[in-house]
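Have a look at the structure below, then the notes.
The values are calculated or read from the model by the stated rules, or taken from the named source; none is laboratory data. Since we're looking at a predicted model, the values are computed, not measured. Here the Cβ is made from the backbone with ideal geometry for all residues, glycine too, and neighbour counts use every protein chain on show.
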Amino acid sequence: MDENRKEVAKRRTDQMVINEGIRKGDKVLDLGCGRGSLLELLIREKKVQGLGVDLDPAKIIHCVRKGIPVYQGDVDEALAMFEDQSFDRVILSRTVEHLNEPGRTIEEALRVGRRATVGFINHGFWINRLNYVLKGSRTVNDVYPLPWYESAPVSFFSLANFEEFCSKKNILIRQRACLDANWRNECNFFPNLFSGYVICDISK
């Protein structure tokens, strides 16, 4: 399986786990929606009232062609437009690490939504740690295939970092799915060390 196919498979797993936590008819805001594949799934299977937000015009065009309601613009600017509890669920799937102020955006997401789903790469994963120890550099893989000098700024953090943030901000982690390196099976054994990807359902 080539790197692109691996990435697609991981995306599908991510989407299916998120799909399980959404109720039928929910109002869903997907921040950093990309080409709209997650919203497309949720609209088809859960009949959600969905809205996507993304900055990339090319990805917005993909959403429009699929008939997915979408807003082109900055995530933080989009959140500021909504009143408290406008949505049942706000989704940040592999979006948090690309934000300028991740903590503030998560808190805004919890103002706008009754609950939020946050999916992120666990940079406490043992291979990432080993590469820094042995090579002194970050891992390059199918998730982050480009070297640092060709990629956008990314805030690397671990499951432990995220849990510490939630504790400090009095954010409740209602459910947590820690997936192994291939994002296929749940990892319950030292997840901060052995899980490659984490999905958390949070609320105030």
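Things to note:
- The listed residue being closer than 26 Å to residue 174 by Cα, of a type outside the set (A, V, I, L, M, F, W, C) and in contact with a Leu (Cβ under 8 Å, 6 or more places away or on another chain), out of 72, 15, 49: 15
- Selection of the stretch 76-104 for residues being touching a Ser or Thr at 6+ places or on another chain (Cβ under 9 Å) and in contact (Cβ under 8 Å) with a residue 40 or more places away in the chain yields 79, 89, 90, 91, 92, 93, 95, 96, 97, 98, 99, 102.
- If the condition is being touching a strand residue (DSSP E or B) at 6+ places or on another chain (Cβ under 9 Å), assigned to a loop (DSSP other than H, G, I, E, B) and surrounded by fewer than 17 Cβ atoms within 10 Å (Cβ to Cβ), then the stretch 64-81 contributes 69, 73, 74, 81.
- Within the stretch 95-113, if we keep just the residues that are small (Gly, Ala, Ser) and in a helix (DSSP H, G or I), the residue that is surrounded by the most Cβ atoms within 10 Å (Cβ to Cβ) turns out to be 109.
- Positions within the stretch 169-178 being in a loop (DSSP other than H, G, I, E, B) and surrounded by fewer than 16 Cβ atoms within 10 Å (Cβ to Cβ), in sequence order: 169, 170
- Total residues in the stretch 163-197, condition at pLDDT 90 or above and on the phi > 0 side of the Ramachandran plot: 2
- Selection from the stretch 155-197 of residues that are touching a Lys or Arg at 6+ places or on another chain (Cβ under 7 Å) and of a type in the set (Val, Ile, Thr): 171
- Residue that is modelled with the lowest pLDDT, among those in the stretch 4-58 that are surrounded by fewer than 16 Cβ atoms within 10 Å (Cβ to Cβ) and among the acidic types (Asp, Glu): 7
- Test: residue in the stretch 119-126 that is over 20 Å from the mean Cα position of the chain (by Cα) and at pLDDT 75 or above: yes
Rundown of residues vs (1) surrounded by 16 or more Cβ atoms within 10 Å (Cβ to Cβ); (2) touching a Phe, Trp or Tyr at 6+ places or on another chain (Cβ under 8 Å), yes/no style:
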| residue | (1), (2) |
| --- | --- |
| 167 | no, no |
| 180 | yes, yes |
| 186 | no, no |
| 193 | no, yes |
| 203 | no, no |
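- Some residue of the stretch 79-89 being within 17 Å of the chain's Cα centre (by Cα) and at pLDDT below 95: no
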